[in-house]
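Everything on this sheet refers to the single structure shown next.
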Amino acid sequence: MLALAANPAPAATFTVTKTTDDDGACDPLDCALREAVLAANANPGHDVIRVPAGTYRLTIPDPRDPIFREGNLVLRDDVAMLGQGPGPAVIVGDGLDGVLTALSSTVELRNLTVTGGSDQGLGGGIRVLKANATIVDCWITDNETQGDGGGLSVLSNSSVVLENVTISDNEARGAGGGIVRNGIGHSFPANLTLINTTVSGNRASSGAAIYSLSGGQLAIINSTIARNVGALHVTGVSHHSGPPPTFANSIFEGACGGRFNLYISYGGNIQGIFDNCSFNHPTDQTAVADLEIAPLALNGGTTLTHRLLPGSPALDRGVSTSCPSTDQRDVARPQDGDGDGVAACDVGAFEATAADLVVVPVLDRLGLLLLGTLLTAAALSILRANR
């Protein structure tokens, strides 16, 4: 008995087999996503939850949970939750709470879509509290909160790395429509790193994309922050306290706020023509016109991106020292985006290839009229020849 107590159960793999929301036992041929989470929480060690492609709607509360009773999935032990593809594994909240909470654990989330969360406090989509989370190839979209952090909340004593992630169309009635990072002084920091990540179309009163506060570090590398909407005109990143954030090779479209002048730039950043991020590295730039990025779309890979258009000032303007080996779509970096024969890293999450920059002509009304006239003439000529 002493030997058994000293040796905890080995890590296990739980495979989800159905899309219904049940909270019984996770059996090999009958296991809901919630059942897999409960089983992993009960099994000490780093477990794996495999989630096949499909839509998993959270419909039942968990009355056994003393804190989170409204139906979100609480990851209380070390676990990797992995979408298996080839299609998306979509976890839909019940509209009463957030969707996922990482609590006092080390968590990996991969190939998942998190949507439909609605919370009264912090974190409409995902909360990370006293935990470490690595989130890769995920889409966090269409979540909301009455407080802060519509898509993602990184709270005290936590560390989160986002890589190849899209956070879009989330809303916070408070701050941080896409993300809120909120530590508690030096003792309980909240650290957040974005790599090849797109934050777009989020809404909040302040810091519509990202709201950064108190202890902990914010780092943004080769990411695109664009087209977020803020009621108080801070539509991009708002940093208010804590260590200076660091930025490299990133697009900032939208005003910056708070104590944003206290930051460290490693170069290669670009801001929109009317923005006020005050970058001061010699390789940073302010666009003299439009940033020339396309609307958010699936341009390859598993998450949505803003494609760079021909003539974009972001083409080949990143610094090589901070350039990842691939972009958000897993396309190799660097490419020769400006056609000068030299491959250089693009700014932002998207690395343009030659195929991405092919211009497809678009005909105006006169062009369509001329084309129709030519086709009609050709058809008449063929008819006459066959008489």
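Computed quantities for the displayed model
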{"quantity": "Net charge of Cβ neighbours under 14 Å - reference Val48; Lys, Arg +1; Asp, Glu -1", "calculated": "-2"}
{"quantity": "Cα long-axis angle, helix 33-42 against the chain (0 to 90 degrees, to the nearest 10)", "calculated": "40"}
{"quantity": "Rounded, prolate or oblate (a/c below 1.5 giving rounded, otherwise prolate when a/b exceeds b/c) for the range 77-159 by Cα gyration tensor", "calculated": "oblate"}
{"quantity": "Helix 365-385 vs. the chain, principal-axis angle (Cα, 0 to 90°, nearest 10)", "calculated": "70"}
{"quantity": "Shape category assigned to the range 30-112 from the gyration tensor of Cα positions, a/c cut at 1.5", "calculated": "oblate"}
{"quantity": "Potential extension, Lys130-Thr246 segment - 0.36 nm per residue separation minus Cα distance", "calculated": "39.5 nm"}
{"quantity": "Solvent-accessible area of Cys345 with every protein chain in place, 1.4 Å probe, in Å² to the nearest 10", "calculated": "10"}
{"quantity": "Where Arg227, Arg181 fall by accessible area, highest first, once all protein chains stay in place (1.4 Å)", "calculated": "Arg227, Arg181"}
{"quantity": "Cys with no candidate disulfide partner in the chain (beta-carbon separation under 4.7 Å rule)", "calculated": "Cys138"}
{"quantity": "Counting DSSP beta bridges with both ends in the range 177-318, the antiparallel % (nearest 5)", "calculated": "10"}
{"quantity": "Peptide ranges 146-155, 49-58, 307-316 listed from the most packed, as the mean C-beta count within 10 angstrom indicates", "calculated": "146-155, 307-316, 49-58"}
{"quantity": "Heavy atoms of Leu298 accessible to a 1.4 Å probe, total area in Å² rounded to 10", "calculated": "110"}
{"quantity": "Paramagnetic reach from Ala11 (point 7 Å along Cα→Cβ, amide N under 16 Å) across the range 31-59", "calculated": "40-51"}
{"quantity": "Positive minus negative residues near Thr302 (Lys, Arg vs Asp, Glu; Cβ under 15 Å)", "calculated": "-2"}
{"quantity": "Neighbourhood charge, 12 Å Cβ-Cβ cut-off, centred on Pro189 and excluding it, Lys, Arg +1 and Asp, Glu -1", "calculated": "+2"}
{"quantity": "Stretchable slack from His281 to Ala355, in nm (0.36 nm times residue separation minus alpha-carbon distance)", "calculated": "23.5 nm"}
{"quantity": "Sequence-separation-based contact order of the chain, relative, with Cα cut under 8 Å and 6+ spacing, percent", "calculated": "8"}
{"quantity": "Leading residue at positive end of dipole, the chain (Cβ point charges), from Gly268, Asn132, Gly254", "calculated": "Gly254"}
{"quantity": "Cα-projected label distance for Phe274 with Lys18, points at 7 Å along beta-carbon direction, nm", "calculated": "5.4"}
{"quantity": "Translational diffusion of the chain, µm² s⁻¹ [Kirkwood Rh, Cα pairs; Stokes-Einstein; 25 °C; 0.890 mPa s]", "calculated": "111"}
{"quantity": "Distance in nm between pseudo-label sites at Ile184 and Asp30 (7 Å out along the Cβ direction from Cα)", "calculated": "4.3"}
{"quantity": "Cα gyration tensor shape of the range 134-193, rounded if a/c is under 1.5, else prolate or oblate by comparing a/b with b/c", "calculated": "oblate"}
{"quantity": "For the chain, share of DSSP beta bridges that run antiparallel, in % to the nearest 5", "calculated": "5"}
{"quantity": "Whole-percent carbon and sulfur share, accessible surface of the chain, 1.4 Å", "calculated": "59"}
{"quantity": "Burial ranking of peptide ranges 329-340, 105-116 (average Cβ count within 10 Å, highest at the top)", "calculated": "105-116, 329-340"}
{"quantity": "Accessible area per residue in Å² at 1.4 Å probe, computed on the chain", "calculated": "43"}
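The values are calculated or read from the model by the stated rules, or taken from the named source; none is laboratory data. Keep in mind that this is a model prediction, so the values were computed, not measured. For neighbour counting, all protein chains shown are included, and Cβ atoms are generated from backbone atoms with ideal geometry for every residue, glycine included. We work out accessible area using only protein heavy atoms, side chains counted, and drop any ligands, DNA or RNA first. Shrake-Rupley method; radii C 1.70, N 1.55, O 1.52, S 1.80 Å.
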